[in-house]
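Step one of this worksheet: look at the structure below.
Just so you know, all these numbers are worked out from the coordinates, no wet-lab data involved. Everything quoted here is computed from the prediction, not taken from an experiment. Here the Cβ positions follow ideal geometry from the backbone for every residue, glycine too, while neighbour counts run over all protein chains shown.
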Amino acid sequence: MHWMKKKKITNDRIGDVLERIADLLDIQGANFHKIRAYRSAAQSVRSADRSLARLVRKNDMQSIKDLPFIGEGIASTIEEFVKTGKSRVLDRLQGEISPEEIFAQVPAIGVNLAHRIAQQLDIHSLEELEQAAHDGRLEKVDGFGPKRLQSVRVSLAGMLSGAAQRRIQKTHSGEKPQDKPSVKVLLEVDEEYRKKAESGRLKKIAPRRFNPEGEAWLPILHSEKEGWSFTALYSNTARAHQLGKVNDWVVIYYEKRKEDQCTVVTETKGKLEGKRVVRGRENECQKYYESRGS
């Protein structure tokens, strides 16, 4: 397993990450309770009498979740930071996340190969990479032989949380993933984001990628619906820029106990042409539009 060894990960460093997430959520207008959850968790981590990094390495996540104010989602953020030295939640809020940077964290995947994966497969997360490693897509990318493919599978098994692995296993076995928002709610978030972005009513962040001037141009929305917490942004990926789809593709991160994501786009062909659809859930979208008579 690959551990970050350049700088010791102390409880104070973990607390700093959680505090920074809370600060950015506050600046961007997120829900007060979510902000308070991260601030309370930061204080709890700093007050803990045991090393959380050591608990993560012992795979004792339950002891971390037993701490005050540490739920499953924040525990997952702590686990990721200990294992990789990064937090995707923090990177996203700072506008700095990119698929290439995420994939390059995986042993056996360098910068060039990470770029190739993102370009050829148009995937954005470690969970999607893990799925691609098992469904045959990853082995079709130049540079992947059986040995490298197996190495990536093993590394991802260690990097992903137990809950994420169980979710992926359900997907592979044909069982529908549990605990995901309906396409109706996702499309409502997509509509809310695009309307507010177009009217200039959202906070804007300065993404690092494709933004040499450091301009704050990327609108970000935090929203709460039906018990879900959502964050929505335009897709600032190389693929979106190449196809001129930055202002069409909307990436939505959703969280209840665990965080996941989806992309909403305008369909360009078939029965759903011209309509907004959730990638990977086109059949559900079609049923949704049929139920509305549209």
Quiz item: From the phi of every residue in region 222-230, what ³J(HN,Hα) in whole Hz does the Karplus formula 6.51 cos²θ - 1.76 cosθ + 1.60 yield, where θ is phi - 60° and glycine or proline is x?
Solution: 10, 9, 10, 8, 6, x, 9, 10, 10
Self-check item: Per-residue Cβ neighbour rank within 10 angstrom, fewest leading, Tyr254, Tyr38
Solution: Tyr254, Tyr38
Practice problem: Please build a GNM for the chain, connecting alpha carbons under 10 Å apart, and tell me which residue among Phe144, Phe69, Phe103 fluctuates the most. | Solution: Phe144
Exercise. Mind running the shape call on region 99-146? Use the C-alpha gyration tensor, a ≥ b ≥ c as the square roots of the eigenvalues: rounded below 1.5 for a/c, prolate if a/b tops b/c, oblate otherwise.
Key: rounded
Quiz item: Quick one: Karplus J couplings for region 289-294, per residue in order, coefficients 6.51, -1.76, 1.60, θ = phi - 60°, nearest Hz, x for Gly and Pro?
Solution: 5, 5, 5, 8, x, 10
Practice problem: Would you indicate which of (1) 62, 54, 34; (2) 81, 48, 33; (3) 58, 48, 43 is the value of Cα extents along the principal axes in Å derived from the coordinates of this structure? | Solution: (3)
Quiz item: Along the Cα-to-C-beta direction of Ser47, a point sits 7 Å from the Cα; which residues of region 57-80 have their amide N less than 17 Å from that point?
Solution: 64-71
Practice problem: Mind sorting Cys285, Cys262 by how few other Cβ atoms lie within 10 Å of their own Cβ, fewest first? | Solution: Cys262, Cys285
Quiz item: With contacts defined as alpha carbon pairs under 8 Å and 6 or more residues apart, what's the relative contact order of the chain in percent?
Solution: 14 percent
Quiz item: Which whole-Hz ³J(HN,Hα) couplings does region 80-93 yield from phi under the Karplus relation 6.51 cos²θ - 1.76 cosθ + 1.60, θ = phi - 60°, glycine and proline marked x?
Solution: 4, 5, 5, 7, 10, x, 9, 10, 5, 4, 5, 4, 5, 5
